[in-house]
1. Between LYS47 and ASN27, what is the spin-label point distance in nm, taking each point 7 Å from the Cα along the Cα→C-beta axis?
2. Compute the helix-to-body angle for 64-75: its Cα long axis versus the longest principal axis of the chain, expressed 0 to 90° and rounded to tens.
3. Give me the count of lysine pairs in the range 3-75 whose alpha carbons sit under 25 angstrom apart, restricted to pairs 8 or more positions apart or on different chains.
4. Please give the length that would be gained between LYS59 and TRP3 if that part of the chain were fully extended, namely 0.36 nm times their separation in residues minus their C-alpha to C-alpha distance (nm, one decimal).
5. For the chain, compute Rg over Rh where Rg is the Cα radius of gyration and Rh is the Kirkwood radius from the inverse mean 1/r over Cα pairs.
Amino acid sequence: MNWDSDLFYIDNFKAVRIGNISGRECNNRHGVKDAIAINKVQSGKIKRVKTLPIETIRKYDDFKWGFIKDYWTTNYKLFL
């Protein structure tokens, strides 16, 4: 039940990753708490922007897919 979504742009035929949403839903396996971590990626370094409760995805008809679509559509400019 763990998942990731990357935000990227294409520069000179290469994908440049600028954001990541990391969802963890495995009931705290290996000490990792269930949550959604939103991260900015700059020069290969990851910086946490926000952490949301995993229950956030339940507000969307398509659960994680609806959340991912809505979050990137609404917030992509914050990662440029």
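Quick note: the coordinates plus some simple rules give every number you see, no bench work behind them. Since this is a predicted model, take the numbers as computed values, not measurements. Virtual Cβ from ideal backbone geometry, glycine too; neighbours counted across all protein chains shown.
1. 3.8
2. Once rounded, one gets 40 degrees.
3. The result is 22.
4. Working: separation 56, 0.36 × 56 = 20.16 nm, distance 1.75 nm.
Contour length minus Cα-Cα distance gives 18.4 nm.
5. Numbers: Rg = 13.2 Å, Rh = 13.3 Å.
Here the Rg-to-Rh quotient is 0.99.
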